[in-house]
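Asks: First the structure, which I've put down as structure tokens, then a few questions once you've had a look.
Every read-out reported here was derived from the displayed coordinates using simple, explicitly stated rules and does not represent laboratory data. Predicted, not measured: the structure shown is a model, and the values here were computed from it. Positions of Cβ are generated from backbone atoms using ideal geometry, with glycine treated the same way; all protein chains shown enter the neighbour counts.
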Amino acid sequence: MEPIIRTENLSIQFGGHKAVDKVNFEMPEKHFKSIIGPNGAGKTTFFNLISGELKPTEGDVFFKGQSIAKLSSIERTRIGLGRSFQITNVFPNLTVLENVRLAVQSKEKVRFHFLKHYLHYKKITEKAVELLDQVLLSNKIHAIASQLSHGEKRKLEIAMLLALDTEVLLLDEPTAGMSLEEVPAILEVIKSIKEQGNKTILLIEHKMDMILDLSDSIMVLFNGKLLADGTPTEIMNNTTVQNAYLGGLYDGELVETS
């Protein structure tokens with residue numbers, strides 16, 4: 001079966017530095033894959049190449065067998081790739097409900113008439129409420145987004161991403177900047193999305209212990225190169241990965257894990 005996402009010798013160079021270096025990977029449909037690696041490994045740059053924030057210097061990105069390397073990030077969202085960011089991307093002066101309602105409206109391509117009350121658009125509001133319940137924010141529905149905690153803003157961003165109803169969710173360090181108390185709730189939200197079984201999820205994380213139980217597979221980047229790709233157990237037992245995380249030497253050879 002054709003992977004939903006595939007890269008072929010994907011590379012990008014900034015001056016003399018290759019931030020991503022000939023990475024080949026495949027993402028099965030309705031699969032949960034995490035990308036891990038030490039700080040500076042190239043994870044976010046690789047993610048930006050997948051989502052369209054950056055264009056490759058070399059190589060290609062494929063979605064359902066079709067090259068998308070020349071498509072913008074907006075065009076990629078339209079065909080089914082939805083992306084969250086390390087920094088929350090919400091409308092701070094709107095309520096939680098209004099933020100999600102606008103995302104649903106965008107997906108449904110509905111234009112609001114300024115003379116009509118929003119309750120005229122009942123189905124859109126109901127969908128927004130349903131999504132807020134899914135991300136455990138139903139008790140904050142009328143709160144102003146700027147008043148939310150960092151963890152709550154991340155949950156709101158995920159609700160807005162779900163409103164776009166893309167086949168693929170690209171989650172960029174969803175726990176970044178959170179207090180330890182907030183992390184379990186966001187992991188619970190991500191787990192519930194996975195358990196629904198209708199999304200392909202690609203997630204960046206630099207803390208391996210965060211994603212072991214969630215991931216079907218894990219790929220490891222190191223200095224812009226693909227170091228390993230396998231099941232969580234295989235990655236945990238991979239001595240080359242252990243050395244990379246512990247500051248040991250990596251000789252440039254990919255260690256097969258399967």
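Asks: Return the ratio Rg/(2.2 N^0.38 Å) for the chain, where Rg is computed over Cα atoms only.
Replies: Dividing the Cα Rg of the chain by 2.2 N^0.38 Å gives 1.05.
Asks: How far is helix 150-163 tilted, in degrees, relative to the longest principal axis of the Cα atoms in the chain, given as a value from 0 to 90 rounded to the nearest 10?
Replies: It works out to around 80 degrees.
Asks: Quickly work out the Ser179-to-Met236 label distance, labels modelled 7 Å from Cα along the C-beta direction, and quote it in nm with one decimal.
Replies: Placing both labels 7 Å along Cα→Cβ, they lie 3.0 nm apart.
Asks: For a distance above 23 Å, tell me the whole-number percent of Cα pairs in region 128-258 that qualify.
Replies: That tail contains 41 percent of the Cα-Cα pairs.
Asks: Straight-line reach from Lys107: which aspartates and glutamates have a Cα under 18 Å away, not including same-chain ones fewer than 8 places off?
Replies: Leaving aside aspartates and glutamates fewer than 8 places away in the same chain, those within reach of Lys107 are Glu75, Glu98, Glu126, Glu130, Glu157, Asp165, Glu167.
Asks: I would also like to ask the following. If you add up the charges near Leu148, with Lys and Arg at +1 and Asp and Glu at -1, over every other residue whose beta carbon is less than 15 angstrom from its beta carbon, what do you get?
Replies: Counting the neighbours of Leu148, the net charge comes to -1.
Asks: Taking the Cα centre as origin and putting +1 on Lys and Arg beta-carbons and -1 on Asp and Glu beta-carbons, what dipole magnitude results for region 1-87, to the nearest 20 debye?
Replies: With Lys and Arg at +1 and Asp and Glu at -1, about 200 debye.
Asks: At 7 Å along the Cα-to-beta-carbon direction for both Asn198 and Ala143, put a label point, then send me their distance in nm to one decimal.
Replies: 2.7
Asks: Work through the residues other than Phe14 whose Cβ is under 15 Å from its Cβ and net out their charges, Lys, Arg +1 and Asp, Glu -1. Intermediate values should be presented prior to the final figure.
Replies: Working: positive: Lys18, Lys55; negative: Asp21, Glu53, Glu58.
Net local charge, Phe14 excluded: -1.
Asks: Please determine, in degrees from 0 to 90 and to the nearest 10, the orientation of helix 122-134 with respect to the longest principal axis defined by the Cα atoms of the chain, where the helix direction is its Cα long axis.
Replies: Tilt relative to the chain: about 40 degrees.
Asks: Oh, and also: Beyond 32 Å between alpha-carbons counts as too far, so tell me which of Lys153/Lys207; Lys22/Lys127; Lys22/Lys153 fall in that bin. Don't skip to the answer; put the middle values down first.
Replies: Values: Lys153/Lys207 21 Å; Lys22/Lys127 41 Å; Lys22/Lys153 35 Å.
Check vs 32 Å cut-off fails for Lys22/Lys127; Lys22/Lys153.
Asks: For helix 183-196, report the angle its Cα long axis makes with the longest principal axis of the Cα atoms of the chain; keep it between 0 and 90° and round to the nearest 10°.
Replies: 90
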